[in-house]
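Input: a single structure, listed below in structure tokens.
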Amino acid sequence: MTKTIDVALIGGGIMSATLGALLHRLEPSWTIEVFERLPRVGEESSNPWNNAGTGHAALCELNYTPEAPDGSMSSAKAIDINEQFQLSRQLWASFVEDGTLPDPRSFISATPHMTFVWGEQNVDYLRRRWELLKDEPLFAGLEYSEDAEVIRSWAPTLIPGRKKSQPIAATRSTDGTDVDFGALTRMLFGRLQDDGVIVHTDTTVSGLKRLSDGTWRLKARREVGMTPAEVQARFVFVGAGGGALKLLQQSRIPEAKGFAGFPITGAFLRTDNPEVVARHNAKVYGKASVGAPPMSVPHLDTRVVDGEASLLFGPYAGFSPKYLKTGSYTDMFETIKAHNLMPMIRAGLANLPLVGYLGGQVFASRAQRLDALREFMPDARDEDWRLITAGQRVQVMKKDPEKGGVLQFGTEVVTGADGTIAGLLGASPGASTAVHIMLTIFERCFPEHMPRWRDTIRELIPSYGSKLNADPAAARESIARTARVLRLVDEPERQFEAAASAAATP
């Protein structure tokens, strides 16, 4: 027997969890079911070891302030990304205040965000970037230094072993965060299940078809146990990470035509050595290599998972035709269609430096990877670090009327014209801007409900519909409030002291 539900969420990651939590608050009577192919939610891209956990706010990521050929740069993208992350912080804080989320320390930690560069040209660039951002309200307190002793006080691992003659510079913001999106995902779904939302795990959605009445029929296959009854949904969200492209193609909505995906495997060097971890308490981003995609900007990160601190360095890019870490080797080939073949070819030809970069990364030796680490941490010891495989990322390519095909960096929101289906393609900053993405979906897919929903949305997300960066007082109040509620105030010092104490314990 077929049952009809209001909302089907395909994929059990942070995107579906965020959408489900918001929709349930706005329309508590709506029936929502979740379909996740793995035994547990939050285990693919949202898993804390499959991503770097950076609360992306453009505090340290140079790809949000690219330098134009004439040497100029714009703050617009960096401000936009920061605005989007503030929406996430506000929703999380509201959910902590009303009890939807438990102790915030179980999913978010205050972690300074730094940028570190070397070489005269890069130092000049970072200085100009700081001058551009330092007076913007959302970047208040952004510090800059070219002094090795000051930088050493911020991140002790960056200086020992470095030549004194080498020009260096760094910026630091103490407003940065480290987020365990896996833990956050499970908490949100746990609360939804308490309220009656059904979460099907070990369940793969292999078919998606629109019916004559405008609903969607989901064909689901249970990996373990009984297959759920056939489901029809009035609204479908395809938040299946790399698996979203194939399902959007099956939906046959014209908006999905022309999109293609190129998978990139991520890897990090990781250390859990308490002596090493105690010397570094920051997420430190550098400048990407020529031809490298934004998701491959090198960074040395503090990670806090289950209350334990570790360090990651990377990412190192690799290749697998899988679209998911737990996917199939046929994933990429199954999504190549007549409508996206030419965009793929044109995008590839226009980005040959990227192809060369990936080739070099795929065949890099352990020694070469450690050499890259030592550019950040000169005294790093081989024996302290091991290589881990992170999540699979799918670089989006799409049609372009002028160029034929282009690479699309960031996250692409695809919605059907009638508002009954939405899906996500792409990667970073993804999880950090999940709330902004869901609000975009609301505006595109539920315009008839928005007049009734806006007051509740503003209660949860006070800056919705406005720009914090245009109001210094509002920006200060929002950052201070969310820091207080999420227990981020003075957290860096406490974490550092705890790590140092652990390192000193025999």
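The values are calculated or read from the model by the stated rules, or taken from the named source; none is laboratory data. Computed from a prediction, not measured in an experiment: that's the story for all the values here. Positions of Cβ are generated from backbone atoms using ideal geometry, with glycine treated the same way; all protein chains shown enter the neighbour counts.
Out of contact with any Ser or Thr (no Cβ under 7 Å at 6 or more places or on another chain), at negative phi and among the aliphatic types (A, V, I, L, M): is that true of residue 468 in this structure? Talk me through it step by step, then tell me what you get.
On the way: out of contact with any Ser or Thr (no Cβ under 7 Å at 6 or more places or on another chain): no; at negative phi: yes; among the aliphatic types (A, V, I, L, M): yes.
No.
Quick check on my filter: what residues within region 1-54 are in contact with a helix residue (DSSP H, G or I) (Cβ under 7 Å, 6 or more places away or on another chain), among the hydrophobic types (A, V, I, L, M, F, W, C), in contact (Cβ under 8 Å) with a residue 60 or more places away in the chain and not in a helix (DSSP H, G or I)? Matches in region 1-54: 7, 9, 10, 32, 34, 41.
Please determine whether any residue of region 425-448 is within 23 Å of residue 116 (Cα to Cα), at pLDDT 90 or above, touching a Gly at 6+ places or on another chain (Cβ under 9 Å) and surrounded by 19 or more Cβ atoms within 10 Å (Cβ to Cβ). Please lay out each step first, then the result.
First, the residues of region 425-448 that are within 23 Å of residue 116 (Cα to Cα): 428-429, 432.
Next, from what is left, pick out any that are at pLDDT 90 or above: 432.
In the following step, the residues that additionally are touching a Gly at 6+ places or on another chain (Cβ under 9 Å) were identified as 432.
Next, only the ones that are surrounded by 19 or more Cβ atoms within 10 Å (Cβ to Cβ) stay: 432.
Within region 425-448 (the criterion being within 23 Å of residue 116 (Cα to Cα), at pLDDT 90 or above, touching a Gly at 6+ places or on another chain (Cβ under 9 Å) and surrounded by 19 or more Cβ atoms within 10 Å (Cβ to Cβ)), the answer is yes, since at least one residue qualifies.
Do any helices (runs of 4 or more DSSP H) entirely within region 62-180 hold 3 or more residues that are touching a strand residue (DSSP E or B) at 6+ places or on another chain (Cβ under 9 Å), in contact (Cβ under 8 Å) with a residue 40 or more places away in the chain and closer than 30 Å to residue 14 by Cα, and if so, which?
Values: elements: 76-97, 120-133, 148-154.
It comes to 76-97.
Yes/no matrix, rows are residues, columns are (1) more than 16 Å from residue 407 (Cα to Cα); (2) crowded, with 19+ Cβ neighbours inside 10 Å:
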residue: 299; (1), (2): yes, yes
residue: 318; (1), (2): yes, no
residue: 337; (1), (2): yes, no
residue: 345; (1), (2): no, no
residue: 355; (1), (2): no, no
residue: 362; (1), (2): yes, no
residue: 365; (1), (2): yes, no
residue: 371; (1), (2): yes, no
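Within region 96-139, the set of residues being over 29 Å from residue 373 (Cα atoms), in contact with a helix residue (DSSP H, G or I) (Cβ under 7 Å, 6 or more places away or on another chain) and not hydroxyl-bearing (Ser, Thr, Tyr) comprises 96, 97, 101, 102, 104, 136, 137, 138.
So which residues in region 233-269 are of a type outside the set (A, V, I, L, M, F, W, C), part of a loop (DSSP other than H, G, I, E, B) and surrounded by fewer than 24 Cβ atoms within 10 Å (Cβ to Cβ), if there are any at all? Reasoning before the result, please.
Residues of region 233-269 of a type outside the set (A, V, I, L, M, F, W, C): 234, 239, 241-243, 246, 249-252, 254-255, 257-258, 261, 263, 265-266.
Imposing the further condition that a residue be part of a loop (DSSP other than H, G, I, E, B) reduces the set to 239, 252, 257-258.
252, 257, 258 - these are the residues of region 233-269 that are of a type outside the set (A, V, I, L, M, F, W, C), part of a loop (DSSP other than H, G, I, E, B) and surrounded by fewer than 24 Cβ atoms within 10 Å (Cβ to Cβ).
Only helices (runs of 4 or more DSSP H) whose full extent lies in region 270-378 are considered here, and the ones with at least 2 residues that are under 22 Å from the mean Cα position of the chain (by Cα) and under 23 Å from residue 49 (Cα atoms) are 352-362. Exactly one residue out of 178, 147 is of a type in the set (Asp, Glu) and surrounded by 15 or more Cβ atoms within 10 Å (Cβ to Cβ), and it is 178. Applying the condition of being touching a residue at least 60 places away in the same chain (Cβ under 8 Å) and touching a strand residue (DSSP E or B) at 6+ places or on another chain (Cβ under 7 Å) to region 398-409 and asking which residue is surrounded by the most Cβ atoms within 10 Å (Cβ to Cβ) yields 405.
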